[in-house]
Ligand code: 5GP
Ligand code: MG
Ligand code: MG
């Protein structure tokens with residue numbers, strides 16, 4: 001597919017191909033939102049977004065949910081500016097909310113090895129939440145190292161480094177409306 005982004009100040013030259021278009025993301029989030037609304041009907045739901053990658057999916061998912069749903073944010077670090085997992089998770093910014101008795105839905109951009117999410121699940125579950133579940137836009141089934149029960153998943157994608165729709169390479173490309181595979185030559189240069 002070749003979406004028309006002629007209005008945007010970038011070219012498609014940095015990408016091998018588009019993996020998920022903005023249209024596909026919107027349609028999938030519509031479906032996931034229907035499930036989430038049904039599953040949490042009558043419940044007090046707190047969405048926990050993981051900065052910065054989950055900003056786009058959080059914004060688009062949250063706008064499909066009822067207005068009493070709340071958002072909070074955490075920043076953790078498991079990757080440097082490169083493309084490899086360090087396996088080390090650090091809290092850079094903690095939640096503002098007290099999770100005691102809350103229904104928590106972690107909103108994630110991507111599950112790669114699953115190391116970050118597995119750590120995060122353990123951490124949030126230890127804070128007295130009533131429930132902690134996960135919604136992730138993307139998952140790389142061939143990269144998973146830790147078995148995690150993910151309740152809501154957008155798309156399974158190939159085991160390649162992707163950027164866009166919140167996902168960065170060296171803080172760039174987060175603003176792309178779609179998810180694409182970055183040309184290896186781009187990060188080989190940096
Ligand atoms: P995991 O712990 O599951 O290996 O991945 C943790 C984090 O690494 C993700 O939340 C995401 O921020 C980053 N990450 C994993 N795979 C990719 C990828 O293909 N592209 C980008 N830009 N970031 C990724
Ligand atoms: Mg993330
Ligand atoms: Mg990153």
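Which value in deg cm²/dmol, rounded to the nearest 500, describes the helix-derived mean residue ellipticity at 222 nm for the chain, given -39,500 (n - 2.57) per DSSP H run of n ≥ 4 and division by the residue count?
So the calculated ellipticity at 222 nm is -7000 deg cm²/dmol.
Once fully extended, how much extra length lies between residue 130 and residue 44, figured as 0.36 nm per residue of separation less the alpha-carbon to alpha-carbon distance?
Contour length minus Cα-Cα distance gives 29.9 nm.
Between residue 77 and residue 187, how many nm apart are label points set 7 Å from Cα along the C-beta direction?
1.8 nm
Using 10 Å bins from zero, what percent of all Cα-Cα pairs in region 54-162 falls into each bin?
Going from the shortest bin to the longest, the percentages are 13, 47, 34, 6.
Going by average Cβ density within 10 Å per residue, which order do the peptides 132-145, 57-70 take, highest to lowest?
132-145, 57-70
Which residues does the label zone of residue 64 cover in region 102-126, counting backbone N under 19 Å from a point 7 Å along Cα→Cβ?
104-111
Where does helix 22-39 land angle-wise versus the long Cα axis of the chain, in degrees 0 to 90, nearest 10?
Once rounded, one gets 10 degrees.
Only Cα pairs under 8 Å and at least 6 apart count here; give the relative contact order of region 23-158 as a rounded whole percent.
Averaging sequence separation for qualifying contacts and normalising by length gives 22 percent for region 23-158.
Report the residue, chosen from 49, 122, 26, that carries the largest GNM mean-square fluctuation when the chain is represented by alpha-carbon nodes joined by springs under 10 Å.
Its mean-square fluctuation being the largest, the pick is 122.
Quick one: if you stick a label point 7 Å off each Cα along the C-beta vector at residue 148 and residue 16, how many nm between them?
Placing both labels 7 Å along Cα→Cβ, they lie 2.3 nm apart.
What are the radius of gyration and Dmax of the chain, computed over its Cα atoms and given in Å?
Considering the chain through its Cα atoms, Rg and Dmax are 16.5, 52 Å.
Does anyone have the angle between helix 115-125 and the longest principal axis of the chain? Alpha-carbon axes, 0 to 90°, nearest 10?
20 degrees
Here, each number is a calculation from the coordinates, and none is a lab measurement. Being a predicted model, the structure only gives us computed values, none of them experimental. No Cβ is skipped: glycine too gets one built from the backbone with ideal geometry, and neighbour counts run over all protein chains shown.
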